[in-house]
1. From the list GLU448, GLU406, pick out the single residue that is buried (at least 24 other Cβ atoms within 10 Å of the Cβ) and of a type in the set (Asp, Glu).
2. Residues in region 537-554: is at least one farther than 19 Å from ILE394 by Cβ and within 16 Å of ligand 1 (Cβ to nearest atom)?
3. Looking at GLY510, GLY521, GLY488, GLY499, can you tell me which residue is at pLDDT 95 or above and away from ligand 1 (no atom under 16 Å from the Cβ)?
4. Considering every residue within region 12-32, establish whether at least one is at pLDDT below 95 and aliphatic (A, V, I, L, M).
5. Quick check: is even one residue across region 459-474 surrounded by 19 or more Cβ atoms within 10 Å (Cβ to Cβ), under 17 Å from the mean Cα position of the chain (by Cα) and small (Gly, Ala, Ser)?
6. Output the strands (runs of 3 or more DSSP E) that fall wholly within region 171-233 and possess 2 or more residues being surrounded by 20 or more Cβ atoms within 10 Å (Cβ to Cβ), or say none.
7. Residue by residue through region 436-469, note down the ones that are touching a Ser or Thr at 6+ places or on another chain (Cβ under 9 Å), within 16 Å of ligand 1 (Cβ to nearest atom) and more than 15 Å from ALA67 (Cβ to Cβ).
8. With without any contact (Cβ under 8 Å) to a residue 40 or more places away in the chain, surrounded by fewer than 24 Cβ atoms within 10 Å (Cβ to Cβ) and not in a helix (DSSP H, G or I) as the only criterion, which of GLY55, GLY32, GLY41 stands out?
Amino acid sequence: MLNAATKTEATDAQQELTDGFHLVIDALKLNGLNTVYGVPGIPITDLGRMMQAEGIRVLSFRHEQNAGYAAAIAGFLTKKPGICLTVSAPGFLNGLTALAHATTNCFPMILVSGSSEREIVDLQQGDYEEMDQLAVAKPLCKAAFRVLHAADIGIAFARAIRAAVSGRPGGVYLDLPAKLFGQVMNAEAGQKSLVKVIDAAPAQIPAPSAVKRALDVLKSAKRPLIILGKGAAYAQADDAIKSFVEKSGAPFLPMSMAKGLLPDLHPQCAGAARSTVLKDADVVMLVGARLNWLLSHGKGKTWGEAPKKFIQVDIEPREMDSNVEIAAPLVGDIGSCVAALLDAMGGNWPAPPADWLNSVKTKRDDNVAKMAPRLMNNNSPMDYHGALGVLRTIIKERPDAILVNEGANTLDLARGVIDMHQPRKRLDVGTWGVMGIGMGTAIAAAVETNKPVLCVEGDSAFGFSGMEVETICRYDLPICIVIFNNNGIYRGTDVNSAGSDPATTVFVKGSRYDKMMEAFGGVGVNATSPDELKRAVNAAMDSGKPTLINAVIDPAAGSESGRIGNLNPQSVLKKK
Ligand SMILES: Cc1ncc(C[n+]2csc(CCOP(=O)(O)OP(=O)(O)O)c2C)c(N)n1
Ligand SMILES: [Mg+2]
């Protein structure tokens, strides 16, 4: 038996040791990363438990892809890397789609994955969940690191954090082989090995000459247009961006996730006159927006015949001239660039020509007036406009709620109809138009902001992450999911003319998604008219209870591919 003195000595000796598990946790906490999204299993089950015990919030999901999407959007909302934690090989692969999505969308995220024994994996001797995960991740993210020694955990997290948030943000992969977690080292040396990252995303100040060039081009415009992208929303330079746009007097067009950066009802907002302003503008200033497919690459029919000059504000120098010539590249972080622009504009910036402003206003008001009666119909079954009219009013009355949105028609029409009033309140499919972001995004939005979340989902879109309704109920999150149930993808009316199987785009008719929520103790509602929908959403937003509303939409109401049917290849051969 130990006497009291030897007992203390033994405890002291123990206290002097740390291990890989604890160093990972300490590295996260030291850098203010206090929330983790993941799925447990070998070799990270105990890591999750220990994280919880040490005060990290661990959100345990049903599928890694959803945890990954949660981490990705947490990065967008907080400017800190969202952390996703996965098990080896299959869990890692499940999380990888989200990591690639984060990189494509410029969201800072770190996928931390356990992996199997290096010696066996590298000799390909068939280890449990064998895979060279580092090699697989590399082409799909900004940076990828593997840690073999506990003493390197601190530096590895520092590198991962910097890579994720500095410059253009993106996804980073961190590979932690199973053996690392149990590696023991002296506790003091362990503490010293940790790195608190100072100034993880240093300001990148634009050159004064580039600022002047940008303003000279903007001033020369007869028909200026400012396009705000989600990079501008990410920057959290909301007041400066608003002042800049207002001082310029130019119409502005928000990309999907930049809606609300300035309110959609702002007098300069040209959202409802999109095709006119893209065609007719002579100078286009892109702020944190890329000229990718979402802007038709800056050329072609969408952009009209008249020559245009582009000003582009972006943190990534290589973004310039990626699709068309950029007359005035302004490279730097959005906050620093906009501050420099405001500074250099002086006190008497001339307003753009009145005929341009009037023509944009007329077009916008016409389009809004045309849409108005459609949004007020009370048809049952509902069409998209009747249902969205109701949701538009609810978001207007609750401007701090977060709107999550995915689907085809459900996405494209909601984007157009639902006005946003505050920055970073609209979260959606992003650059890829990916289905499946819904529940992960909603969960992270609720967790990171403590605001109510309204999730507007196509029935197909919802299916990609639907099992996470259990997660929503388990953590009792204030999320109201509205499923636009039109029995299928785009429409619920397709018929397979060649056999008895259902057509490829239709689902079980009359499905009751609301019952899924009831299965886990949440509130389920079946809504067949805009009035019923309105009552149910308001009740959910008031109560904060996890709610799923099955909104019955006319199966014939949608169109193929929503608003991007032009991208769908067509066969020139005659249909059989
Ligand atoms: C990961 C992924 N798989 C498939 C697609 C192709 N896709 C685009 S929209 C869509 C679903 C559209 O149907 P729904 O969500 O029900 O919206 P609706 O048009 O019916 O309102 C699918 C499967 C995609 N965008 N992403
Ligand atoms: Mg559908």
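The values are calculated or read from the model by the stated rules, or taken from the named source; none is laboratory data. A quick note: this is a predicted structure, and the numbers were derived from the prediction, not measured. Note that we place each Cβ from the backbone using ideal geometry, even for glycine, and neighbour counts take in every protein chain shown.
1. On the way: GLU448 fails: buried (at least 24 other Cβ atoms within 10 Å of the Cβ).
Only one candidate qualifies: GLU406.
2. So the first thing to find is which residues in region 537-554 are farther than 19 Å from ILE394 by Cβ, and the list is 554.
Now narrow it down to the ones that are within 16 Å of ligand 1 (Cβ to nearest atom): 554.
Yes, because at least one residue in region 537-554 is farther than 19 Å from ILE394 by Cβ and within 16 Å of ligand 1 (Cβ to nearest atom).
3. Values: GLY510 fails: away from ligand 1 (no atom under 16 Å from the Cβ); GLY488 fails: away from ligand 1 (no atom under 16 Å from the Cβ); GLY499 fails: at pLDDT 95 or above.
The conditions single out GLY521.
4. yes
5. yes
6. On the way: elements: 171-177, 184-186, 224-228.
It comes to 171-177, 224-228.
7. CYS455, VAL456, GLU457, GLY458, ASP459, SER460, ALA461, listed by residue number.
8. Values: GLY32 fails: without any contact (Cβ under 8 Å) to a residue 40 or more places away in the chain; GLY41 fails: without any contact (Cβ under 8 Å) to a residue 40 or more places away in the chain.
From the options GLY55, GLY32, GLY41, the qualifying one is GLY55.
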